[in-house]
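Participant: Please see the structure below; I have some questions.
The values are calculated or read from the model by the stated rules, or taken from the named source; none is laboratory data. If you're wondering where the values come from, they're calculated on a predicted model, not measured in any experiment. Every residue, glycine among them, receives a Cβ derived from its backbone with ideal geometry; neighbour counts consider all protein chains shown.
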Amino acid sequence: MTDFNFSEEQILLRDSVRKFVEREYSFEVRRRYDAEGGYNQKVWTLMAEQGWLGAGIPELLGGFGGGPIESAIVLHELGRGLVLEPYLAVCVLAAHALQTALAPAATTERLAALVRGESLVVLAHREAGQAGQPERVRTSAVATGHCYRISGVKLQILGGVHAQRLLVSARTNGVEAEPSGITLFEVPADTPGLTRKNYRLIDGTPVADLTFDNVLVDASARVGSEGTGIFAISSALDHGTVGLCAQAVGAMERALEITTEYLRTRRQFGVAIGSFQALQHQLADMLIELEQSRSMLYRALAHLDDSQGRRHLAVAAAKAQICKSARYIASKGVQLHGGIGITDECTIGHYFKSLYVAEKLFGNAAVHLQTLSRALIPTAPQEVV
């Protein structure tokens, strides 16, 4: 059974990231980085120098020597500060996909550059119509001699705007929705035939749509064995979803703190509005939602090393709960601030946007509840309506 009483090292990690965010990533500084594109090389370099980019990577592979809990601690603190850097995309999704798909000897060099902050690698897997079914891959990779030609479209790729290299999933054989036949390729972002459409989500997160038009890559670009990529992808997505949950719990925690402080200082009828019992009840409900989410996050972390089926169900349960709690806490936070809560100058509105995005990424509550229902009722519908 996993012990979630943090060790001294984990507490030091949490405290150091929190102090860094408070010092280097204030609300005003974040707004400046947001206006500049949502990624700052100085911040990323500082995070690398502290060793945080390798927090969840084994020491044997050049990392901090931790695992998913250490990654979750970092993401929780980044979520508290609404940090826009692509930590989840690079240090969890891509790093875990590489660790799962390759032998340690083939992974060390790639991960070492990632940990040093020298290489931005992201997982490019999401396509239209997947809705919790990662095996639905239409992008194709056709073998031609010692090369492959990749064609297809990837959507809303986290970190895709600034990525230097892309871990691209493509079907080398089989038909759409068949788990076997999916292969991962590492493709430089400046490869001819690859185009990026860059844009921002409502919370400022940079993402990109990627179009592959007969992109020619050498056979050496293949990551792992041909046709077995779904195992690395599924595992990376589960770890990424848990990482997103940790980030959301951090944002919910800070949103509750901000709202509580506002109710203590905002005065009406000669008293602080936090003294009104009706508003105290709403704060209590927000705290309940936060702690339920934290418990489900810890449960999911405890199951990440289980079999794929058990792991996936624990992750789905956590994300379903956090979708519900994120919406409740974000909405209540804005409501309790009143009209000022939706202004750009008010911090709570930015937490609302961040939590709204967290609710949608990696599947909303309906997608994950359907995953749970299929496990309980095998004849349940296979697609979200």
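Participant: For segment 55-97: of the residues being modelled with pLDDT under 95 and not in a loop (DSSP other than H, G, I, E, B), which is nearest to L120 (Cα to Cα)?
Facilitator: Among residues in segment 55-97 that are modelled with pLDDT under 95 and not in a loop (DSSP other than H, G, I, E, B), the one nearest to L120 (Cα to Cα) is L61.
Participant: Which of the following residues is of a type outside the set (K, R), touching a helix residue (DSSP H, G or I) at 6+ places or on another chain (Cβ under 8 Å), assigned by TED's automatic domain parsing to the domain that holds G204 and surrounded by 16 or more Cβ atoms within 10 Å (Cβ to Cβ): E135, E70, E127, E85? Steps first, please.
Facilitator: Working: E70 fails: assigned by TED's automatic domain parsing to the domain that holds G204; E127 fails: touching a helix residue (DSSP H, G or I) at 6+ places or on another chain (Cβ under 8 Å); E85 fails: assigned by TED's automatic domain parsing to the domain that holds G204.
Selected residue: E135, the only one of E135, E70, E127, E85 that is of a type outside the set (K, R), touching a helix residue (DSSP H, G or I) at 6+ places or on another chain (Cβ under 8 Å), assigned by TED's automatic domain parsing to the domain that holds G204 and surrounded by 16 or more Cβ atoms within 10 Å (Cβ to Cβ).
Participant: Restricting attention to segment 308-325, does a residue exist that is surrounded by fewer than 18 Cβ atoms within 10 Å (Cβ to Cβ), modelled with pLDDT under 95 and not basic (K, R)?
Facilitator: Taking every residue of segment 308-325 in turn, at least one turns out to be surrounded by fewer than 18 Cβ atoms within 10 Å (Cβ to Cβ), modelled with pLDDT under 95 and not basic (K, R).
Participant: Tell me which strands (runs of 3 or more DSSP E) are completely within segment 161-280 and hold 1 or more residues being under 30 Å from I342 (Cβ atoms) and in contact (Cβ under 8 Å) with a residue 40 or more places away in the chain, or say none if there are none.
Facilitator: 194-200, 206-218
Participant: So if I check each of V115, V142, which one is of a type in the set (V, I, T) and within 21 Å of the chain's Cα centre (by Cα)? Let's see the steps before the verdict.
Facilitator: On the way: V142 fails: within 21 Å of the chain's Cα centre (by Cα).
Being of a type in the set (V, I, T) and within 21 Å of the chain's Cα centre (by Cα) holds for just one of V115, V142, which is V115.
Participant: Right, another one. What residue, of G349, G333, G309, G338, is of a type outside the set (A, V, I, L, M) and at positive phi? Can you show your working first?
Facilitator: Values: G349 fails: at positive phi; G333 fails: at positive phi; G309 fails: at positive phi.
On inspection, the qualifying residue turns out to be G338.
Participant: Go over the candidates G229, G224 one by one and state the one that is at pLDDT below 95, under 26 Å from L301 (Cβ atoms) and in contact with a Leu (Cβ under 8 Å, 6 or more places away or on another chain).
Facilitator: Working: G229 fails: at pLDDT below 95.
Among G229, G224, only G224 is at pLDDT below 95, under 26 Å from L301 (Cβ atoms) and in contact with a Leu (Cβ under 8 Å, 6 or more places away or on another chain).
Participant: Restricting the first residue to segment 21-34 and requiring it to be in contact (Cβ under 8 Å) with a residue 40 or more places away in the chain, which pairs with a second residue that is of a type in the set (S, T, Y) and assigned to a helix (DSSP H, G or I) meet a Cβ separation below 6 Å and a spacing of at least six or different chains?
Facilitator: F27/T347
Participant: Return the pairs, sorted by first residue and then second, in which the second residue is not in a helix (DSSP H, G or I), the first residue lies in segment 309-324 and is over 24 Å from M286 (Cβ atoms), the beta carbons are less than 7 Å apart, and the residues are 6+ apart or on different chains.
Facilitator: Pairs that qualify, where the first residue is over 24 Å from M286 (Cβ atoms) and the partner is not in a helix (DSSP H, G or I), are R310/H303; R311/H303; R311/L304; A314/H303.
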